[in-house]
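Some notes on the structure that comes next.
The values are calculated or read from the model by the stated rules, or taken from the named source; none is laboratory data. These figures come from a predicted structure and were not determined experimentally. Because the Cβ atoms are built from the backbone with ideal geometry, glycine has one as well, and the counts that use them run over all protein chains shown.
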Amino acid sequence: MRKLLTNRYSSIAIALILAIVFTCVVILVMNANPIRVFAVIMRGSVGSWDAFTQVLQAWVPLILATCGLMFTFTAGLWNIGMEGQIEMGAIFAYGVIRYFTGSDTPGAVVIILAILSGIVGGAIWALLVGLLKNFGGVNEIFGGLGFNFIADAIMLSLVYGPWKPEGVANGSTRMLDRIYWLPQLEGSYLSLWALGIAIIGVILVTVILKGTYFGLKLKAVGKNSKSSFLLGVPTNRYMLVSFILCGIFAGLTGALQVTGFNHVLRNNISGGYGYMALMVGMLANIQPLLSVPIALIFIGLSKGASGLGIDLQLDSNLSGVIQGSLVIFVLIMDGVRKVIQRKGKGAANG
Amino acid sequence: MDVELRNINKRFGKVKANDDISLTIKAGEVQGILGENGAGKSTLMKIFSGLYQADSGQIFINGKKVNISSPADSVRLGIGMLHQDPLDFPPMKVIDNLIIGSMVGTFPNRKKVLKEFTELQKQFNFSISPDAYIEKLTVGERQQLEIIRLLWLGAETLILDEPTTGISTSQKQQLFATVKKLSKQGKSVVFVSHKLEEVEELCTQVAVFRQGKNIGQMKPPFNTDKLVEMMFGKVISRSKKECCSQTKTNVEISDLKIDDARLPISGVNFIIQKGEVIGFAGMEGSGQAQILRALGGIIRPSGGHIYLHNKDHKKQDLVGKHYFYFKESGISFLPASRLEEGLVGGLDLQEHFILAEKQKGFFIDQKGNQELTEQRIRDFNIKGTAESKVEALSGGNQQRAELALLRQPLRLLLLEQPTRGLDIESTIYIWSKMKQRCKEGASVVFVSADLDEVIHYSDRIIVFFGGRVSKPLDANKVTVDQLGQLIGGKGWS
């Protein structure tokens, strides 16, 4: 029993079981059959090729956002401002496409420019949070939240203001011309380009964090910035760079949401992926590769649960219950594991 | 009261912290417990005071078997433990701290407590104001308060765990007088220490622990060599003092000034020669930490100069430069709190060596660094592997790791409490490594609360008192008495 509780992987498995049990209880309270609920979720996520491409399509923004958070998590920072950074990426990307719409510039060039400018937008938004923290002493959680609101406000003022389609104001811009869309797989919303970029992102983050001096120094800063400084790491600069890198991924996420999937700029384009990525990153214990399956499961749950309303007259937010309880139980098991380990070690310093 | 601990066993995982230990303490006895770090002293005392439960074994008080399963049990039985770090409430008043310990009734009778407190103080010549806040007291005073509190709660047996760490010489003398008085009153005292001299001075009998076992007892007159042999299993003699000091200036400190709200320091002048060891002596908080950190570039002086003397006889002033510039110039600082400022908990040894070495390229050469790490682990005799997380190492091995992390070439090595909490073997080893650096031309400046260490290892000693800084004194000529007076604030012109 002790071994089961102290091993990281078996403790995650226990947490998973507990989360499922807890969710079953919730489902039973709602007067539904848990097995049917999970069947619907499975069917809605991996039950058909169509469903699966939708999962992959939604996996792209989630994993990219998670990749970005790997940098700030490693540096010991909570980049709550991810949502706003994704929005700014989307705004910048859309702005560029809007500017070139109707010009002779080839679509591919415009898409590349849009993605690059989205990256810049996200990075700037993240850098602001980092600068506030470094020079203003504002905790990055509060800074991030603040900038999320500002990004929201900018977004709203654009889609209801100068960028609104003629005649209507429905919180969305006009749809992009087809030439500015990332190519999509026949008969689905999935863009293989976006998927490829996401996979490259995961590899890149893994290599940077595991194999480079930069990654190791960032980890040292996150674990103990005082010691790292005395060991010769310019801690403030590393924190700022981690924000910028995170912002780059956030901006990329936003830009791909515009050119690869939504093809419009609209309110809530970040889709909550920024917050969900925080959960994924936490569950993955800052391991980029581990976050790949976790993000898939999260997306599978959300996508699969969307059918609950039609099939079982249940609220599709049930997937949120599963995700949330998973995070909570993993954290609890983590706490249990640490307590047991501490007790085992005791203080053998006589 | 008479206490008997019989066949106590306690394991932590694979480690046998207490291996069938038996110990008898008669009333009025001052029982010393000697042993290096990890010998099982603290574990036994924690079992005795109810913090840990023994795996097996019995405890008898006045011949009657007792069951101690919590600290409250031990207090009720008349056992009082003085912990290494005083257990008190810093933001509260002295008198309230006393009252907290004995929550009897709803409304505390302050007047009565105050009267009893004053009487106890008088007995032991303490002079702590009952209305003072704990955070304003020195470590020594907090210790005195704790002793009074334990006696007031009715302790008949007092356990003192390494009580002389961090207190001044005069407070130590006062503590010893108190212990002697307690023993005269018929109370028994358990004095846990790794300092031979103190145990020899104070104790009426000594038990030596090694690797969780009670190796043997000794009564005065004590045979020091025998005690050391019992502690370590082999005789370690401190290496003969060797001087590698050259008459070549390495660093020149001129008119250094530090603006510190509580302790302004000014007019500091001295020269650090190549290969020399300078010890900073003084009570904690007398300004030595500030000067050391200023020399390391960690705090910025408000005036004066720190000149590096280079080979071409040019002087270079470091004041105002960034910490990294100091580091690049070959100045390294090793803080006293190793896991807070020196090492990064959660990273393993290899990761530390990679961090400390000069960055080569963008990607880390894991294999090359593993070889380097294993080489350093062998060179510095660190008990651990490349994958050992630093927080899992013992204090001595952490300090070895810190020394192993230092880059070449080194010009000036600054250390805070380099051997605090280490056993004699590690201490000797660490100093041999530092002396090796001296032979290569580096200078060592260190702060230590252990006067013995300062005298033994320094070539010259600088004494600090309340922000005042003495001239460097020749360690071979100065006497303990002279130093003690300076540290205590006497003999300053």
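So the values come out like this:
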{"read-out": "Residue satisfying condition, being under 18 Å from B:MET92 (Cβ atoms), more than 28 Å from the chain's Cα centre (by Cα) and modelled with pLDDT of 85 or more, within set B:LEU145, B:LEU120, B:LEU150, B:LEU114", "value": "B:LEU114"}
{"read-out": "Residues (in a loop (DSSP other than H, G, I, E, B) and either in contact with a Cys (Cβ under 6 Å, 6 or more places away or on another chain) or in contact (Cβ under 8 Å) with a residue 24 or more places away in the chain (or both)) located in the stretch B:251-291", "value": "B:ASP259, B:ASP260, B:LEU263, B:PRO264, B:LYS274, B:GLY275, B:GLU276, B:GLY282, B:MET283, B:GLU284, B:SER286, B:GLY287"}
{"read-out": "Positions within the stretch B:266-280 being crowded, with 16+ Cβ neighbours inside 10 Å, at pLDDT 90 or above and not aromatic (Phe, Trp, Tyr), in sequence order", "value": "B:VAL268, B:ILE271, B:ILE272, B:GLN273, B:LYS274, B:GLY275, B:GLU276, B:VAL277, B:ILE278, B:GLY279"}
{"read-out": "Qualifying residue in the stretch B:52-73 (condition: touching a Phe, Trp or Tyr at 6+ places or on another chain (Cβ under 8 Å) and within 14 Å of chain A (Cβ to nearest Cβ))", "value": "no"}
{"read-out": "Filter pass, A:VAL25 being among the β-branched types (Val, Ile, Thr), modelled with pLDDT under 90 and part of a helix (DSSP H, G or I)", "value": "no"}
{"read-out": "Residues of the stretch B:169-182 that turn out to be among the hydroxyl-bearing types (Ser, Thr, Tyr) and surrounded by fewer than 20 Cβ atoms within 10 Å (Cβ to Cβ), as a count", "value": "2"}
{"read-out": "Helices (runs of 4 or more DSSP H) contained in the stretch A:170-237 and holding at least 3 residues more than 14 Å from chain B (Cβ to nearest Cβ) and over 30 Å from B:GLY297 (Cβ atoms)", "value": "A:192-211"}
{"read-out": "Output for the stretch B:376-411, where each listed residue is touching a strand residue (DSSP E or B) at 6+ places or on another chain (Cβ under 7 Å) and within 26 Å of B:SER443 (Cβ to Cβ)", "value": "B:GLU402, B:LEU406, B:LEU410, B:ARG411"}
{"read-out": "From the options B:LEU410, B:LEU393, residue that is touching a Gly at 6+ places or on another chain (Cβ under 6 Å), away from chain A (no Cβ under 11 Å) and under 27 Å from B:LYS311 (Cβ atoms)", "value": "B:LEU410"}
{"read-out": "B:ILE299 being in contact (Cβ under 8 Å) with a residue 24 or more places away in the chain, over 26 Å from B:ILE167 (Cα atoms) and in contact with a strand residue (DSSP E or B) (Cβ under 9 Å, 6 or more places away or on another chain)", "value": "no"}
{"read-out": "Count - residues of the stretch A:28-37 that are hydrophobic (A, V, I, L, M, F, W, C), touching a residue at least 60 places away in the same chain (Cβ under 8 Å) and assigned to a helix (DSSP H, G or I)", "value": "1"}
{"read-out": "Unique match (being closer than 21 Å to A:PHE249 by Cβ, in contact (Cβ under 8 Å) with a residue 24 or more places away in the chain and surrounded by 15 or more Cβ atoms within 10 Å (Cβ to Cβ)) among A:GLY95, A:GLY107, A:GLY143", "value": "A:GLY143"}
{"read-out": "So B:ILE430, is it over 17 Å from B:LYS172 (Cβ atoms), within 19 Å of the chain's Cα centre (by Cα) and surrounded by fewer than 20 Cβ atoms within 10 Å (Cβ to Cβ)", "value": "no"}
{"read-out": "Yes/no for B:LEU292 being among the hydrophobic types (A, V, I, L, M, F, W, C) and closer than 30 Å to B:GLN482 by Cβ", "value": "yes"}
{"read-out": "Considering residues of the stretch B:464-493 that are surrounded by fewer than 16 Cβ atoms within 10 Å (Cβ to Cβ) and hydrophobic (A, V, I, L, M, F, W, C) only, the residue modelled with the lowest pLDDT", "value": "B:VAL480"}
{"read-out": "Hits in the stretch B:456-471 - residues which are within 18 Å of B:CYS438 (Cα to Cα) and either over 22 Å from the mean Cα position of the chain (by Cα) or not hydroxyl-bearing (Ser, Thr, Tyr) (or both)", "value": "B:HIS456, B:ASP459, B:ARG460, B:ILE461"}
{"read-out": "Search result, residues across the stretch B:338-364 that are closer than 20 Å to B:PHE324 by Cα and more than 7 Å from chain A (Cβ to nearest Cβ)", "value": "B:ARG338, B:HIS352, B:PHE353, B:GLU357, B:LYS358, B:LYS360, B:GLY361"}
{"read-out": "B:PHE126, sole failed condition from (1) of a type in the set (A, V, I, L, M, F, W, C); (2) part of a loop (DSSP other than H, G, I, E, B); (3) exposed (fewer than 15 other Cβ atoms within 10 Å of the Cβ)", "value": "(3)"}
{"read-out": "Any helices (runs of 4 or more DSSP H) falling wholly within the stretch B:340-410 and containing at least 3 residues that are closer than 24 Å to A:LYS210 by Cα and without any contact (Cβ under 8 Å) to a residue 40 or more places away in the chain", "value": "B:349-356, B:366-379"}
{"read-out": "Failed item in (1) closer than 22 Å to B:ASN269 by Cβ; (2) within 19 Å of the chain's Cα centre (by Cα); (3) assigned to a helix (DSSP H, G or I), with B:LEU486 passing the rest", "value": "(2)"}
{"read-out": "Top-ranked residue of the stretch A:108-128 - restricted to ones that are of a type in the set (Val, Ile, Thr) and touching a Leu at 6+ places or on another chain (Cβ under 9 Å), ranked as nearest to A:TRP181 (Cα to Cα)", "value": "A:ILE111"}
{"read-out": "Subset of the stretch B:436-455 that is surrounded by 19 or more Cβ atoms within 10 Å (Cβ to Cβ) and under 18 Å from B:LEU405 (Cα atoms) - its residue that is nearest to the chain's Cα centre (by Cα)", "value": "B:PHE446"}
{"read-out": "Some residue of the stretch B:427-449 being closer than 21 Å to B:ILE167 by Cα and part of a loop (DSSP other than H, G, I, E, B)", "value": "yes"}
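Table: residues versus (1) free of Cβ contacts under 8 Å to residues at least 24 places away in the same chain; (2) at positive phi.
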{"residue": "B:GLY28", "(1), (2)": "no, yes"}
{"residue": "B:ASN62", "(1), (2)": "no, yes"}
{"residue": "B:ALA72", "(1), (2)": "yes, no"}
{"residue": "B:LEU77", "(1), (2)": "yes, no"}
{"residue": "B:MET81", "(1), (2)": "no, no"}
{"residue": "B:GLN84", "(1), (2)": "no, no"}
